[in-house]
1. For A:Ser75, indicate whether it is out of contact with any Lys or Arg (no Cβ under 9 Å at 6 or more places or on another chain), closer than 27 Å to B:Lys38 by Cβ, of a type in the set (Gly, Ala, Ser) and without any contact (Cβ under 8 Å) to a residue 60 or more places away in the chain.
2. Can you give me the ranges of the strands (runs of 3 or more DSSP E) entirely in the stretch A:24-70 with at least 1 residues that are within 14 Å of the chain's Cα centre (by Cα) and surrounded by 18 or more Cβ atoms within 10 Å (Cβ to Cβ)?
3. Given (1) more than 16 Å from the chain's Cα centre (by Cα); (2) not in a strand (DSSP E or B), where does B:Ile111 come up short, assuming only one miss?
4. Hey, could you check the stretch B:42-95 for residues that are within 10 Å of another protein chain (Cβ to nearest Cβ) and part of a loop (DSSP other than H, G, I, E, B) and say which is surrounded by the fewest Cβ atoms within 10 Å (Cβ to Cβ)?
5. Sort out which residues of the stretch A:22-69 are within 11 Å of another protein chain (Cβ to nearest Cβ), touching a residue at least 12 places away in the same chain (Cβ under 8 Å) and of a type in the set (Gly, Ala, Ser), and write them in order of number.
6. Taking the stretch B:3-41 on its own, how many of its residues are part of a strand (DSSP E or B) and either of a type in the set (D, E, K, R) or touching an Asp or Glu at 6+ places or on another chain (Cβ under 9 Å) (or both)?
7. Do we find a residue being modelled with pLDDT under 95, out of contact with any Ser or Thr (no Cβ under 6 Å at 6 or more places or on another chain), closer than 30 Å to B:Asp31 by Cα and not in a loop (DSSP other than H, G, I, E, B) anywhere in the stretch A:95-104?
8. For the stretch A:84-115, give me the residue count where each residue is within 16 Å of A:Met46 (Cβ to Cβ) and either more than 14 Å from chain B (Cβ to nearest Cβ) or surrounded by fewer than 16 Cβ atoms within 10 Å (Cβ to Cβ) (or both).
Amino acid sequence: NAGVMQNPRHLVRRRGQEARLRCSPMKGHSHVYWYRQLPEEGLKFMVYLQKENIIDESGMPKERFSAEFPKEGPSILRIQQVVRGDSAAYFCASSPGQGLNEKLFFGSGTQLSVL
Amino acid sequence: AQTVTQSQPEMSVQEAETVTLSCTYDTSESDYYLFWYKQPPSRQMILVIRQEAYKQQNATENRFSVNFQKAAKSFSLKISDSQLGDAAMYFCAYMNRDDKIIFGKGTRLHILP
């Protein structure tokens, strides 16, 4: 049973480009969470999704950031017109369902570097 | 709003010795989970130990144990017989019914040979 898969592991973008980060949850998991980690900081919640639904996006910046979790395929975190401040490690986590987050599993993260 | 505070940015311990990492949290909820995660240089977030708030008994996992003081809102992690592989960032985390996990800023643990 493969764990949470994130790709790419490293992503380099120039200012103004778009970044797309992918997350495939563990088999049988229908809930996905995205977190951002700045250097020497803890993980900060961004968004919580179920298949085709955004449940909680209270941690998402109001502009340029969006997330989706389609019926088929991975969850995507999309950052438009990236700026240097977007450089961070972005982690995805998945769980079997609401109220079962004691079974939350994390991917290895995508390190985004904006030049 | 819930918060998690780790007051020790860095700690060091001699190999084979015991070390305790501190964590306090703030919440008005009565039902929640607390976690300690380990993040080695590989960046993988590894769940070390988990505690349900309704359980009075402190959780243990081999060399790792917690001291959960619900009234004081304290959740410290004790690592016994420290090993070189324990060197990592350790994050204390809180989760309640809204299913968001809130992390502290972390404690970097160094193991001295």
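The values are calculated or read from the model by the stated rules, or taken from the named source; none is laboratory data. The shown structure was predicted, so the numbers you read here are calculated from the model rather than taken from an experiment. Ideal geometry is used to build each Cβ from the backbone, glycine not excepted, and the neighbour counts take in all protein chains shown.
1. No: the conditions fail for A:Ser75.
2. By residue number, A:31-37, A:43-50, A:65-68.
3. Exception for B:Ile111: condition (2).
4. Checked the stretch B:42-95; the qualifying residue surrounded by the fewest Cβ atoms within 10 Å (Cβ to Cβ) is B:Ser42.
5. Within the stretch A:22-69, A:Ser58, A:Gly59 qualify.
6. 11
7. Within the stretch A:95-104, one or more residues are modelled with pLDDT under 95, out of contact with any Ser or Thr (no Cβ under 6 Å at 6 or more places or on another chain), closer than 30 Å to B:Asp31 by Cα and not in a loop (DSSP other than H, G, I, E, B).
8. Selection size over the stretch A:84-115: 3.
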